[in-house]
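For reference, the structure is listed below as structure tokens.
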Amino acid sequence: MIPPPFPPDEPRRLQALRRLGLLDTPAEERFDRIVRMAARTFRVPITLVSLVDGSRQWFKARVGLDAASTARSISFCGHAILTPDTFVVRDALEDQRFADNPLVTGEPHVRFYAGQPLHASDGSPVGTLCLLDRRARDFTPEERQQLEDLASWVELELNALTVQEARTALAQQERFFELSVDMLCIAGLEGTFRQLSQAWTRTLGYSEQTLRATPLLELVHEEDRASTAEWLARGARGEPLPYFEHRCRGQDGAWHWLQWNATVNPVEGILYGVARDVTEQKRLEAERRHVERMKSEFVSTVSHELRTPLTSIRGSLGLLEGGILGELPSQAQDMVRIARTNTERLIRLINDILDLEKMESGKLDFQLEPLELGTLLTQAIEAHHGYAEGCGATLALAVEASGARAVVDADRFLQVLANLLSNALKFSPRGERVTLRLERVGPRLRVSVEDKGPGIPESFRARIFEKFAQADGSDTRRKGGTGLGLSIARALVERMGGTLDFVSGEGTGTTFRVELPEWHAETGTLAASMPQEEAPAVGPVPGAVRPRVLHVEADADNRRVVADVLRDVADVVSASTPPEAESALRSGPFPLVIAEPVLSEGGLLPLGPLLAAAPVVIFSVREVAPELAPLVSAVLVKSRASNEELRSAVLRLLHAAPGGPHSPPPRGSP
């Protein structure tokens, strides 16, 4: 016996069979009458309508056989569906494929078989109309034609719905079209509507009759007709149709934005489409863009119009407090300190709001590189000694992982530490100590800020990293703050691949923990870009030649403050416009240029001539673009850099300049 092989399109064939919905259904007279007629016509004891599924042949109608199915592996019909024509076995005992088949050697003792393949609507062979006899016999051409005719009748029944089923399906379709919120349609590929849901009338205002008589292209906005015609042409070529948007005119003359999702049956030349009115979404999107543009303009105004004067105010107050005009009376010294402290508080508020806006818009730039965290922690401690003294607390540094590196943005990492340290100092009782600690925890580095303050209330802990979150209580409110710092700090740490969390006990203090993956030189890919250790800042050398520093800045107050900050470091030559800067450069060489790229009218200063003339320090109200940072020698943001930080940066760069501008003059020189 030779079992029937599977056809090459078996999955498609089985899918077509299942779509008929006939397997394992009760007997139906429409099929039974055909097998009865076949038995009488061909005078055979057994006639079957056999459907061949994956493992069996199942009989939808049968005469002369009690079994409802048999295994496909022993079936004659499994062979019959492999041929396009009538499959005939004159004598099974003489055919090696069937001679020892159990259906031949046992009941029902088949000797003769004739089977005509039955096809689903897509042409897939799903079964046979077959004749079986217990004696060998010939099958004439006339009999073959008769069997084909009866098989065609069976195929009509296989692929036909009853009248009631057809009416029900049509009613359901019409109901679906009536109730659908979306604009459903069936259309020709030239754009003429054949069936429409009522949503088209509700949306555009035309009657269904008018829409059926109006080609789609006549409704489309003139600017969108070419793209719509190409979209329809793609469907006519049998290509998949992408999501598509265009404007259609309503009966009242208003234009509606329609968004399409459609598929095409190129054989039928039919487009099945779903359109959705997105006019309101488009309006809201335009409003959102307008608001975003206004927000961006406001941020730009805040950045320039507020940070610029505040920077000069803070710088001036710092100079007064530092004694530039001599020692102030005690009461005046207190007033200056209060003004400077509140100016810095206002600058921090502006910085927080601007940072938050940049993070939410994805415009906050990071310069990530492997850096030694111990060095950054030392810088953070040094920067906060003055604040600690003002709070009556002390700072301690514990580096338990010396030399450990992580990939961070130095400025952003110091910003995180500044937030955590200022919070810890602000809430520490007088005389207590705040510890900044670096340690290894498995493959990660942990930076902890530990305080002995009152702790974080249990009710506030779940909200502590939310924007504008502040714990209730008069002491917390009195300490001030925007409620943005911790939210920003966590976002910055996460952008650097780390985590920020905390542990706290009411009355026993709080520890905030930053954890980052440790970077190892043997596996890192950024070893070539490792920053060189900065030379320590040096002070001016008595008797040294005073260098000239060019300062390009549109704001007159900031030019005055910078000149005063650097009064014992260099002779500052100020320029307020690009032409003034070019004129100054022609007057002689400068070992260093300080530049504010933002001009008063909102444009940008051309940096090319300055970079060609000398090393450049960017001292700006804005963060610099990532592509600019590698071209300059230092970047300082006015609202974040103190007078001393500016002075130290200038001293360091002058010390490193060719010729050693701070070295004493040669002996004998005038």
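Values as computed for the structure displayed
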| item | result |
| --- | --- |
| Qualifying positions in the stretch 429-443 - out of contact with any Ser or Thr (no Cβ under 9 Å at 6 or more places or on another chain) and either outside the structural domain of residue 492 (by TED's automatic domain parsing) or in contact (Cβ under 8 Å) with a residue 12 or more places away in the chain (or both) | 429, 430, 440, 441, 443 |
| Test set (1) in contact (Cβ under 8 Å) with a residue 40 or more places away in the chain; (2) loosely packed, with under 15 Cβ neighbours inside 10 Å; (3) closer than 17 Å to residue 133 by Cα - residue 66 fails condition number | (1) |
| Selection status of residue 320, within 30 Å of residue 391 (Cα to Cα), part of a helix (DSSP H, G or I) and without any contact (Cβ under 8 Å) to a residue 24 or more places away in the chain | yes |
| The lone exception for residue 124 - which of (1) modelled with pLDDT under 95; (2) farther than 28 Å from residue 15 by Cβ; (3) not hydrophobic (A, V, I, L, M, F, W, C) it fails | (2) |
| Hits in the stretch 96-108 (condition: farther than 7 Å from residue 1 by Cα and in contact with a helix residue (DSSP H, G or I) (Cβ under 8 Å, 6 or more places away or on another chain)) | 102, 103, 104 |
| Residue in the stretch 115-126 that is touching a residue at least 40 places away in the same chain (Cβ under 8 Å) and touching a Phe, Trp or Tyr at 6+ places or on another chain (Cβ under 8 Å) present | yes |
| Counted residues, the stretch 249-276 - those being more than 18 Å from residue 189 (Cα to Cα) and out of contact with any Cys (no Cβ under 9 Å at 6 or more places or on another chain) | 7 |
| Residue list for the stretch 100-155, restricted to those being over 15 Å from residue 84 (Cβ atoms), among the hydroxyl-bearing types (Ser, Thr, Tyr) and surrounded by fewer than 20 Cβ atoms within 10 Å (Cβ to Cβ) | 105, 121, 140 |
| In the stretch 446-467, residue modelled with the lowest pLDDT [restricted to those that are touching a helix residue (DSSP H, G or I) at 6+ places or on another chain (Cβ under 8 Å) and part of a loop (DSSP other than H, G, I, E, B)] | 467 |
| Unmet requirement for residue 20, which otherwise passes all of (1) in contact with a helix residue (DSSP H, G or I) (Cβ under 9 Å, 6 or more places away or on another chain); (2) closer than 18 Å to residue 115 by Cα | (2) |
| Residue match in the stretch 258-273 (condition: over 26 Å from residue 122 (Cα atoms) and over 31 Å from the mean Cα position of the chain (by Cα)) | no |
| Residue selected from the stretch 424-433 under the condition in contact with an Asp or Glu (Cβ under 8 Å, 6 or more places away or on another chain) and not hydrophobic (A, V, I, L, M, F, W, C), by the criterion surrounded by the most Cβ atoms within 10 Å (Cβ to Cβ) | 428 |
| Long-range neighbours under 7 Å by Cβ, at least six apart or interchain, first residue over 15 Å from residue 256 (Cβ atoms) within the stretch 201-213, second at pLDDT 90 or above and of a type in the set (Ser, Thr, Tyr) | 207/201; 208/201 |
| Residue check for residue 71: in the same structural domain as residue 133 (by TED's automatic domain parsing), free of Cβ contacts under 8 Å to residues at least 60 places away in the same chain and either touching a helix residue (DSSP H, G or I) at 6+ places or on another chain (Cβ under 9 Å) or under 17 Å from residue 113 (Cβ atoms) (or both) | yes |
| Test: residue in the stretch 225-234 that is without any contact (Cβ under 8 Å) to a residue 40 or more places away in the chain and outside the structural domain of residue 185 (by TED's automatic domain parsing) | no |
| Enumeration of residues in the stretch 493-517 that are farther than 21 Å from residue 415 by Cβ and in contact with a strand residue (DSSP E or B) (Cβ under 8 Å, 6 or more places away or on another chain) | 503, 504, 509 |
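Okay, residues lined up against (1) at pLDDT 90 or above; (2) closer than 25 Å to residue 545 by Cα; (3) more than 43 Å from the chain's Cα centre (by Cα):
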{"position": "571", "(1), (2), (3)": "yes, yes, yes"}
{"position": "574", "(1), (2), (3)": "yes, yes, yes"}
{"position": "587", "(1), (2), (3)": "no, yes, yes"}
{"position": "593", "(1), (2), (3)": "yes, yes, no"}
{"position": "625", "(1), (2), (3)": "no, no, no"}
{"position": "629", "(1), (2), (3)": "no, no, no"}
{"position": "632", "(1), (2), (3)": "yes, yes, no"}
{"position": "639", "(1), (2), (3)": "no, no, no"}
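Every residue, every condition in (1) of a type in the set (Asp, Glu); (2) in a helix (DSSP H, G or I); (3) without any contact (Cβ under 8 Å) to a residue 40 or more places away in the chain; (4) surrounded by 14 or more Cβ atoms within 10 Å (Cβ to Cβ), yes or no:
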| site | (1), (2), (3), (4) |
| --- | --- |
| 325 | no, no, yes, no |
| 334 | yes, yes, yes, no |
| 337 | no, yes, yes, yes |
| 376 | no, yes, no, yes |
| 380 | no, yes, no, yes |
| 387 | no, yes, yes, yes |
| 398 | no, no, no, no |
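The values are calculated or read from the model by the stated rules, or taken from the named source; none is laboratory data. Computed from a predicted model, the values in this text were never measured in an experiment. Every residue, glycine as well, gets a Cβ built from its backbone with ideal geometry; the counts of neighbours run over all protein chains shown.
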